[in-house]
Amino acid sequence: MKPRTDFISERLRQIKKANLYRRLVDNKISGPYITIQGKKLVNLSSNDYLGLDSRYHFSQIQSSSRLISGNDISFKKLEDSLAHHKSKSSALVFPTGYMANLGAISILAQKNDHILSDELNHASIIDACRLSHAKKTVYKHNDITDLEKKLRKKAKRKFVITEGIFSMNGDYARLDEITKLCQENNAFLLLDDAHGDFVAGRDGRGSADHFRVAKNVDVYISSLSKALGAFGGYIAAKKEIIDLAVNTSRPFIYTSALPGFLAELALKRFLSNRERKRLRLWKKIEQFSKGLKSIGYTIESQSQIIPIIIGDEKRTLEFGKYLRNNGIFAQPIRYPTVNLGSARIRISVTDWLSEDIISEALIVFEKAGKKFDAI
Ligand SMILES: Cc1ncc(COP(=O)(O)O)c(C=O)c1O
């Protein structure tokens, strides 16, 4: 059997042969100048047409794509750190997690390939699948038997994509079994870990690490805007895949770079002492979900995202309104974010919440549960 990534090397080889290969070059912009490899040059590659950025001494908005003059020196350190965090050789920052999904899936899955996507995957994954020319099949949520059956269908290459911790259910993808299936079927695994990253696994390495199967994930996609408390998105994978993204990923190439100061912020947050907060968060998750269960709610979440499924849309809105009138904001989530008839109150536990705040919130949830016959 040919190595699975042969097609990636072949595409890169063709790009190089046609003299179209691109490489990111670190730079620093200051007013009309750009410094590249220690040399100060006049910058004729900026879109900051009115010169407003430098005039306000706010010189870290690069006003350009990363392949033109937008590759602020702060990206490299951040990307090296993120690659190490995911035990991959490379990482690439995108302006948002949404774009990271679009950018990763569309460069890999091509015509005659087959993408298998969990039915509860986030809209950015669904949109990414739509952008790709591959055949798409949705498998039942976390249903290994259904995935196995669908993986048996013939295709040039197969890709499985799933969230790590599902954004509206708070459950983990069954990554121990999914990784096994992918190996048995020679399928690539792409993991959107926007909600598991920096929260789950040892040192917050993510949901695949939670199952100790991190090395079997081919491409990680994640957001810097959630647990890391910064902004942006990234992918982490072997160097060849990142190279292919730099050269062919339209949501990476044809948009302005994430501002350098946001890359710096993400690195600062990454290097901060997150572990103490992370461990404390899991205690609070336990307090909240145990509390809800003891009141009588059915809770199936395994994470900081705890949905209370109400079902009916109108009742869910009323439930949310009741919470709000009693000092709690927990967003009612309805179609099309979730299926019709499965509307829910989505609780998101954070380290901001003290034990006392959680206890008080639980009192309100108990009253609400009784009022709306939810317990
Ligand atoms: C599972 C998942 N993937 C991707 C994203 C997009 O991330 P970002 O907000 O960084 O664009 C989100 C955001 O809600 C998400 O929940």
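Data for the structure
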| quantity | calculated |
| --- | --- |
| Some residue of the stretch 240-249 being within 16 Å of the ligand (Cβ to nearest atom), within 20 Å of Ser65 (Cα to Cα) and within 17 Å of the chain's Cα centre (by Cα) | yes |
| Leading residue by the ranking (farthest from Leu92 (Cα to Cα)) among those in the stretch 1-47 that are in a loop (DSSP other than H, G, I, E, B) and among the charged types (D, E, K, R) | Lys2 |
| Scope the stretch 175-186; condition more than 15 Å from Lys149 (Cβ to Cβ) and in contact with a helix residue (DSSP H, G or I) (Cβ under 6 Å, 6 or more places away or on another chain); matching residues | Leu175, Thr179 |
| Filter pass, Thr162 being assigned by TED's automatic domain parsing to the domain that holds Gly206, surrounded by 16 or more Cβ atoms within 10 Å (Cβ to Cβ) and part of a strand (DSSP E or B) | yes |
| Residue in the stretch 215-225 that is surrounded by fewer than 24 Cβ atoms within 10 Å (Cβ to Cβ) and outside any loop (DSSP other than H, G, I, E, B) present | yes |
| Of all residues making up the stretch 253-272, the number that are out of contact with any strand residue (DSSP E or B) (no Cβ under 6 Å at 6 or more places or on another chain) and assigned to a helix (DSSP H, G or I) | 12 |
| Some residue of the stretch 144-158 being within 29 Å of Tyr335 (Cβ to Cβ) and within 16 Å of the ligand (Cβ to nearest atom) | no |
| Sole exception among (1) part of a helix (DSSP H, G or I); (2) in contact with a strand residue (DSSP E or B) (Cβ under 9 Å, 6 or more places away or on another chain); (3) at positive phi for Asn186, by number | (1) |
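The values are calculated or read from the model by the stated rules, or taken from the named source; none is laboratory data. Note that this is a predicted model, so its numbers are computed, not measured. Note that we place each Cβ from the backbone using ideal geometry, even for glycine, and neighbour counts take in every protein chain shown.
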